[in-house]
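Engineer: My questions all concern the structure below.
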Amino acid sequence: MPNVFDTLKERGFVAQCTNEQELHDLFDKERVTFYIGFDPTADSLHAGHFIALMAMAHLQRAGHRPICLVGGGTGTVGDPTGRTDMRKMLTDEQIEHNCECFKKQMARFIDFSDGKAIMANNADWLRKLNYVDMLRDVGACFTVNRMLAAECYKQRWEKGLTFLEFNYMVMQAYDFLELNRRYGCKLQMGGDDQWSNIIAGVELNRRKSGTAVYGLTNKLLTKSDGKKMGKTAGGALWLDAEKTSPYEFYQYWRNVDDADVEKCLALLTFLPMEEVHRLGSLEGSAINEAKTVLAYEVTKIVHGEEEAKKAKAGAEQVFGGAGGAAETMPEVKAAAGEKLLDVLTAGGVFASKGEGRRLIKQNGLALGGGKVTDEGYALTDADFEGERAVVRKGKKKHYKLVKA
């Protein structure tokens, strides 16, 4: 079996690593226990978490042991990374509910049977800590100068960083120390925006116990233009079928840009890389074959094979397989920058804006791969696949937006 580090690198996961050669050797020598943390900021995981879960699944398939850490403790503070404002404070009840939702979803990706993986909650140790003892034991290992230089705090520095959020790095570092003590965890993984926090945990383990541990970040899920992937007209692309239906989820991946297909196949499916390269090399209309495979494989992983088949069949019925049904859809001229509600009203889809607003409030309008929840939503170039976008009104009426 190939070294799993080579697998991750070949598929495009690896962004940064604390000591690449040592970690590579460690994967050959032993069954490595590793962890990824997930703060319960919502009641569902989303597409941004998907790449981390796939990296975790690859390591488990190679014989290593994952720890899925839900942030029942860190979630009370909120990670300031990538934020321009403070996260909304959640109640203890909301945090507990969201953690339970995360656990159910993670079980689709990770095998927890027979000790093959561990589900942990950092509330079990963080909420029991004495503040003064924590300051003396752990706080002395951090310098304010170094913390302020971290990327995770830079964006917040000018607008104001609360002391509550300033503690987040210390709490995440302590998680790594505690998981090493409890389970022999030697590797923390996460998105590339977590690099500063991960480095803090590696350093804390070294200073407190002299233990060699490692940090590895995966690339964030972005489009070829650098923008984050996984956003729809209705907001985030959720992994919960109640928030983003399997059909909408399938359609999102079916409509990704041509330039992103090969990367998504490598990161978000288990297809062999030979097949990934073959599909990614298709050009012109043939690239639609690759997009269909991508949408099916990703939907199968997240929602199961039965739902993936239903979504694929539904899309083929709407779009006519080779495009027949799409050709007969009523057309509405549209352009990036125009408000969707204005376009559909002017095009006769709605008799009035009031009708459109009512349908949006009832979650009855969909654009591409997601429901439209904002009545003021303005179309973007990303909404159009080639020169068109598809709108669904209610359950059965479809319209083709043609780029003006």
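Engineer: Which helices (runs of 4 or more DSSP H) sit wholly inside the range 112-161 and have at least 2 residues that are aromatic (Phe, Trp, Tyr) and at pLDDT below 80?
Structural biologist: Counting at least 2 such residues, we get 151-157.
Engineer: Could you tell me which of the residues Leu271, Leu265, Leu282 is in a helix (DSSP H, G or I) and either on the phi < 0 side of the Ramachandran plot or in contact with a Gly (Cβ under 8 Å, 6 or more places away or on another chain) (or both)?
Structural biologist: That would be Leu265, the only listed residue that is in a helix (DSSP H, G or I) and either on the phi < 0 side of the Ramachandran plot or in contact with a Gly (Cβ under 8 Å, 6 or more places away or on another chain) (or both).
Engineer: Same structure, new question: Which of (1) touching a residue at least 60 places away in the same chain (Cβ under 8 Å); (2) at negative phi does Leu341 not meet, given it meets every other one?
Structural biologist: Among (1) touching a residue at least 60 places away in the same chain (Cβ under 8 Å); (2) at negative phi, the lone unmet condition for Leu341 is (1).
The values are calculated or read from the model by the stated rules, or taken from the named source; none is laboratory data. Since the structure is predicted, the reported quantities are computational estimates derived from the model, not experimental observations. Here Cβ is always computed from backbone atoms with ideal geometry, including for glycine, and neighbour counts include all displayed protein chains.
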